[in-house]
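To keep things clear, I will list the structure first and then write my remarks on it.
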Amino acid sequence: MTMRADLTRSLILDAAVTCLLRDGYARTSTISIQAEAGMSRGRMLHQFRSKEELLVAAAHHIFATQLDRPVPPVLSERIAEASGPGERIAVVVDVLWQTFQEASFWAATELWVAARTEPALADAIRPAEKRLGRAIWQRMDHLFGPELVARPLYLPIRPVLFTSMRGTALSYAFDARDPMSEPLLEHWKEITRHALLGP
């Protein structure tokens, strides 16, 4: 694939993600993606022959972007400056919760829901989601650091924390509010402190 073809493909996939976020899966069409990408229909069809093929590629694009994204330096600095494991837990929980406010989470959510009735999309998402899941655990391990990861209850608390945040984040789809005022935020911190540091 040439550099120009790579650029065209990237523009189309970015446009698909934008349309998913703005319009949702059901209202995203090849025509709306074409308009968002600002290119001719022939040029787009040369890359993707159908909406299904395009959105399968968009799913991979979303997950690849999430896998490649480094921890922002400002967040790394906050974690490094935490004074003691209790404060580190509080900062990491804040950082993790912020990831559920990102555009990639909502674009992925549109595809997860659509995959329930779209077998080809589900087949594409399943292996990508497994790779992303492994990367998320590694990212969480890095954020919490070796001292906290070594605690006996770390492995059980890790998925509990993540899945609770993901489930709570979904409610923001129909009840928009300030995520940093989320009542569960302090509970997540307290539960994690209790599990990892004891009463």
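The values are calculated or read from the model by the stated rules, or taken from the named source; none is laboratory data. Only a predicted model underlies this, so the values are computations on that prediction, with no experimental measurement involved. Don't worry about glycine lacking a Cβ; one is built from the backbone with ideal geometry, like all the others, and counts go over all protein chains shown. Quick note on the areas: whole protein, heavy atoms, side chains included, nothing else; ligands and nucleic acids left out. Shrake-Rupley method; radii C 1.70, N 1.55, O 1.52, S 1.80 Å.
Assorted remarks:
- Dipole magnitude (debye, nearest 20) for the stretch 69-160, charges at Cβ of Lys, Arg, Asp, Glu: 300 debye
- Taking 0.36 nm per residue of separation and subtracting the Cα-Cα distance, full extension of the segment from LEU153 to ASP14 would add 46.1 nm.
- The trypsin sites (Lys or Arg not before Pro) of the stretch 42-127 meeting both criteria, a DSSP state outside H, G, I, E and B (loop) and at most 10 other C-beta atoms within 10 angstrom of the site's C-beta, are ARG116.
- Model label sites at ALA35 and ALA103, defined 7 Å from Cα along the beta-carbon direction, differ in position by 1.8 nm.
- Computed with a 1.4 Å probe over protein heavy atoms only, the accessible surface of the stretch 112-199 comes to 60 Å² per residue.
- Charge dipole magnitude, Cβ of K and R +1, D and E -1 - the stretch 102-156, Cα centre, debye nearest 20: 200 debye
- For the stretch 13-128, the Kirkwood hydrodynamic radius comes to 15.9 Å, computed from all pairs of different C-alpha atoms.
- Subtracting the Cα-Cα distance of GLN138 and HIS187 from their residue separation scaled by 0.36 nm leaves 15.3 nm.
- Overall, the accessible surface of the chain at a probe of 1.4 angstrom is composed of carbon and sulfur to the extent of 59 percent.
- Mean separation of Cα pairs under 8 Å and 6 or more residues apart, divided by the residue count, gives the chain a relative contact order of 23 percent.
- Solution diffusion estimate, µm²/s, Stokes-Einstein, the stretch 64-142, Kirkwood Rh from C-alpha pairs, 20 °C, viscosity 1.002 mPa s: 151 µm²/s
- Coordinate range along principal axes, alpha carbons of the stretch 43-199, Å, largest first: 58, 32, 28
- Karplus 3J(HN,Hα) series, Hz, for the stretch 89-96 with 6.51 cos²θ - 1.76 cosθ + 1.60 (x for Gly, Pro): 4, 4, 5, 5, 4, 4, 5, 4
- Entry note: the stretch 126-196 has Rg to Rh equal to 1.01, where both radii use alpha-carbon atoms and Rh is the Kirkwood radius.
- In units of the rule-of-thumb radius 2.2 N^0.38 Å, the stretch 107-152 shows an alpha carbon radius of gyration of 1.57.
- Inter-centroid distance (Cα atoms) of the stretch 120-143 relative to the stretch 1-69, Å: 21 Å
- Distant alpha-carbon pairs in the stretch 1-59 (separation over 15 angstrom), percent: 38 percent
- Per residue, the solvent-accessible area of the stretch 18-73 (1.4 Å probe, heavy atoms of protein chains only, all protein chains present) comes to 53 Å².
- A Cβ-based charge dipole, computed about the Cα centre of the chain with Lys and Arg at +1 and Asp and Glu at -1, lands at about 560 debye.
- Length gained on full extension, HIS60 to SER76: 3.1 nm, using 0.36 nm per residue less the C-alpha separation.
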